[in-house]
1. Look at A:Leu88 and say whether it is within 30 Å of A:Ser182 (Cβ to Cβ), open to solvent by less than 80 Å² (accessible area, probe 1.4 Å) and either in contact (Cβ under 8 Å) with a residue 60 or more places away in the chain or within 14 Å of another protein chain (Cβ to nearest Cβ) (or both).
2. Would it be correct to say that A:Leu125 is surrounded by 12 or more Cβ atoms within 10 Å (Cβ to Cβ), among the hydrophobic types (A, V, I, L, M, F, W, C) and under 13 Å from the mean Cα position of the chain (by Cα)?
3. What is the residue count in region B:167-195 for residues that are within 14 Å of chain A (Cβ to nearest Cβ), in contact (Cβ under 8 Å) with a residue 40 or more places away in the chain, outside any loop (DSSP other than H, G, I, E, B) and open to solvent by 30 Å² or more (accessible area, probe 1.4 Å)?
4. Among the residues of region A:29-52, is any among the polar types (S, T, N, Q) and surrounded by fewer than 18 Cβ atoms within 10 Å (Cβ to Cβ)?
5. Can you tell me which of A:Leu76, A:Leu93 is at pLDDT below 95, over 25 Å from B:Glu172 (Cα atoms) and in contact with a His (Cβ under 9 Å, 6 or more places away or on another chain)?
6. Going by what's in this entry, would B:Pro65 be described as in contact with a Ser or Thr (Cβ under 7 Å, 6 or more places away or on another chain), farther than 30 Å from B:Trp219 by Cα and at pLDDT 85 or above?
7. Among the residues of region A:130-146, is any open to solvent by less than 10 Å² (accessible area, probe 1.4 Å), within 14 Å of chain B (Cβ to nearest Cβ) and assigned to a strand (DSSP E or B)?
8. Are any residues in region B:31-90 farther than 30 Å from A:Glu13 by Cβ and either touching a Cys at 6+ places or on another chain (Cβ under 9 Å) or β-branched (Val, Ile, Thr) (or both), and if so, which ones?
Amino acid sequence: MKKWWKKLKRRLESISRGDQTVFYLTWSVLLSFGIWMRLGCPLPSKEMEFRRMERTHLLPRSEIVLSYGTRSGDGLQVSREDGSVLALDGTELYLRGRWMAGVLEDKAVVACLSGNGRYIRSFHLNSGPSLVPLLWRGEYLDNVGYWVAHGPGKTPEGNPAYVYNYHNFAPFLLLNAPEEVSSAEITVRLEGEECSGGGWQLKDGIWLLGIEREQQLDKWATGGTAYILRLFREDGSLLLEREGVL
Amino acid sequence: MNFDSVLSRWLDTAVSGIRFGLDRKEVRAELEGHIEDKMADLRRVFPDIPPDEARDRALSSMGNPEELKEELARVHRPWLGWLWTASRYLLCLVMLVNLLVGYSNSGNIEEGSIRGSTSYGTVHRIRGGEKAELGQYTFQITGAACLEYPNRLDREDKLQVVLRASSPRFWERINPRAIVDNVTVVGPDGTRYAADSNKYHDGLKKPDPAVWANMFSEWGIGWREVAFFLPAEGWQPGDRVTLELDSEVGRIVLSTAVTERVEMS
């Protein structure tokens, strides 16, 4: 190795500086290519990553309706890997991982683009409002989302302080919601217990619903889990109630 | 003014137009060598010449340092020197990152590995198998054999059929689940088997009847092979096995005759 290194050094010294530059740059490019391949060929934009996931999973190209952001400079996210989406009411909703979703005529495609949990899955959509759970690989409902309420408050000891309350929730995308919907509610029946949650409008026809539970959540197995979706008008009257199975 | 400071000032002026530091240092040393050679020549020809005069005459023979400065600045353009230096540092940095990335990925068998295979790789490779296009991928059956275990009572004979998906977009190697989730294997007796992977269906109900699929059979730049294993009961050489891949972007059907019998240890 030492002999080889000395020989290489001697040869490099015998060529012009321009040729040496070409040599160094060529090897830099080749090695950088190797690094890029070893890192799983990352692409420059999240949309390109999502499109690649669609193609490598033999899924048709969808219209993107949910795209994570990383705008938070407030440092409230639990992990750097967490993406966020901004609801129309200004609430910043964090999702563990970087989630994107797209829709086709009768299908929705949901993908998590980060870490070892890189995952994409398609769901059949009903006519009218449809629920799409954001599931971890392995098909479990979990506290994938959270939002943070913060402001002046008191510590458990009663001292005044600036308080941050993290609200974890299991998220569901609601697609094709009617225009008149002003608020939404979802109820899931799990092992005899009913858990409910509200939602936030992300854009026209698209809501993010979340079921909060105070206790630490174990993973909630899906497949046969019954749900009730209720959509309300601005005056509080019920616009739609739908029962189904996740 | 002493000898050294006059010489030093002359040299500094002459090389001050060279903006690349390493070149400036080398040219300065070269000029200094020339001047010392000239002074040595003068002292050899005129042994009684005073050192100051030898220096002055040597310097004057070298010309005006201001003119020399402009000429040297024109010849020694800095960008190549800077590029050369930058390329050296870049290569060092890339080598270091390569080592770090290689080390950090060493535990991962598939993500980030350019080429590899697992122990359930292709046992008997076949050439010229049927091909079909789906999405951006070309699918081809690249392996088929009947695997026999004469020395293993705990193992039943099985047929192995290997499906390869390749794409010119080498950065878009197909996800193995896209194959395993969508393939139905039709055995020689017409039995239809859903594909199953012990990794993917961990904790979930397995399809029935199912064939076991090794998602990480073999892979390389822009291609991947998935091996399917189905019961070999009643198999005769030349029996055909069919793979039906029914995905959301289309459907393809490939079949092959299984002619080889391979004894496994």
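1. Values: within 30 Å of A:Ser182 (Cβ to Cβ): yes; open to solvent by less than 80 Å² (accessible area, probe 1.4 Å): no; either in contact (Cβ under 8 Å) with a residue 60 or more places away in the chain or within 14 Å of another protein chain (Cβ to nearest Cβ) (or both): yes.
Spelling it out, it is not the case that A:Leu88 is within 30 Å of A:Ser182 (Cβ to Cβ), open to solvent by less than 80 Å² (accessible area, probe 1.4 Å) and either in contact (Cβ under 8 Å) with a residue 60 or more places away in the chain or within 14 Å of another protein chain (Cβ to nearest Cβ) (or both).
2. Working: surrounded by 12 or more Cβ atoms within 10 Å (Cβ to Cβ): yes; among the hydrophobic types (A, V, I, L, M, F, W, C): yes; under 13 Å from the mean Cα position of the chain (by Cα): no.
So A:Leu125 does not fit the description; no.
3. Number satisfying all stated conditions: 0.
4. Yes, region A:29-52 contains a residue that is among the polar types (S, T, N, Q) and surrounded by fewer than 18 Cβ atoms within 10 Å (Cβ to Cβ).
5. Within the list A:Leu76, A:Leu93, the selection yields A:Leu76.
6. yes
7. No, because not a single residue in region A:130-146 is open to solvent by less than 10 Å² (accessible area, probe 1.4 Å), within 14 Å of chain B (Cβ to nearest Cβ) and assigned to a strand (DSSP E or B).
8. Once the filter is applied, which keeps residues that are farther than 30 Å from A:Glu13 by Cβ and either touching a Cys at 6+ places or on another chain (Cβ under 9 Å) or β-branched (Val, Ile, Thr) (or both), region B:31-90 yields B:Val45, B:Ile49.
The values are calculated or read from the model by the stated rules, or taken from the named source; none is laboratory data. What you see is a predicted model, and the numbers here were worked out from it, not measured in a lab. Using ideal geometry, Cβ is built from the backbone for each residue, glycine included, and neighbour counts are taken over all protein chains shown. The area values use the complete protein model at the heavy-atom level, side chains included, leaving out ligands, DNA and RNA. Shrake-Rupley method; radii C 1.70, N 1.55, O 1.52, S 1.80 Å.
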